[in-house]
Every structure is written in structure tokens, then in C-alpha cells.
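Take a look at the structure below.
The values are calculated or read from the model by the stated rules, or taken from the named source; none is laboratory data. Every value quoted in this text rests on a predicted model; they were computed, and no experiment measured them. Note: ideal-geometry Cβ built from the backbone for every residue, glycine included; neighbour counts use all protein chains shown.
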Amino acid sequence: MNVSKAGKWGFIDKTGKVVVPFIYDFAGSLYKEKALVKKGSEWFYINATGKRVPEDTLDQNQKTNELPPIRPGTL
């Protein structure tokens with residue numbers, strides 16, 4: 001789940017353990033195993049472990065930064 005802590009976004013698992021650190025200015029929810037994130041002025045996708053998804057593996061909708069459903073939480 002994407003959550004915010006001290007103004008930064010990251011991801012936690014079902015037990016509350018941090019799985020992706022709170023380093024993003026925005027983080028959408030995981031959708032089709034990817035999440036749209038913003039760090040500084042750059043937008044890109046990461047996977048569930050926080051690794052950047054290469055742009056050439058994205059489908060056309062993701063390349064246009066179509067936002068996935070958002071389920072934000074706050075710590």
C-alpha cells in the first residue's frame with residue numbers, strides 16, 4: 001500500500017513493514033504490478049520492490065502517465 005510519512009511517500013506491506021522507503025514526492029498505488037511515482041521533477045514507474053521499471057516495458061497507457069487508481073494512506 002502507498003502511504004505518506006513526513007511529507008514523503010513509500011510503500012508498506014500488509015503487516016506494516018516498509019518495503020519501499022519514503023523517498024518519493026508522490027506515489028500512486030500499485031496497479032498491474034507497477035506504481036507511478038514522482039521524485040523531484042521526474043515521473044517514472046517502480047515495481048513492488050522499488051526498482052525502476054524500464055520505459056520500454058511499459059504499455060502505451062503507462063507511457064502517457066495515465067494515473068492508476070489511488071488509495072493513499074498517511075502515517
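Cβ-Cβ contacts under 6 Å between residues 6 or more apart (or on different chains), taken from a first residue in the range 50-61 that is within 15 Å of V37 (Cβ to Cβ) to a second residue that is assigned to a loop (DSSP other than H, G, I, E, B) and modelled with pLDDT of 90 or more, are listed as V53/N47. Listed by first and then second residue, the pairs linking a residue in the range 1-12 that is over 19 Å from K32 (Cβ atoms) to a residue that is of a type in the set (G, A, S) and surrounded by fewer than 16 Cβ atoms within 10 Å (Cβ to Cβ), with Cβ atoms under 6 Å apart and 6 or more places separating them unless they lie on different chains, are V3/G73. The set of residues from the range 35-69 being under 11 Å from the mean Cα position of the chain (by Cα) and at pLDDT below 55 comprises L67, P68.
Out of the range 17-41, which residues are closer than 17 Å to G7 by Cα and loosely packed, with under 12 Cβ neighbours inside 10 Å? Passing the criteria: G40, S41. Among the residues of the range 6-45, those identified as farther than 21 Å from T57 by Cβ, assigned to a strand (DSSP E or B) and among the β-branched types (V, I, T) are I12, V18, I23.
Report whether or not K32 is on the phi > 0 side of the Ramachandran plot and modelled with pLDDT under 90. I'd like the intermediate steps shown before the answer.
Details: on the phi > 0 side of the Ramachandran plot: yes; modelled with pLDDT under 90: yes.
So K32 passes the test.
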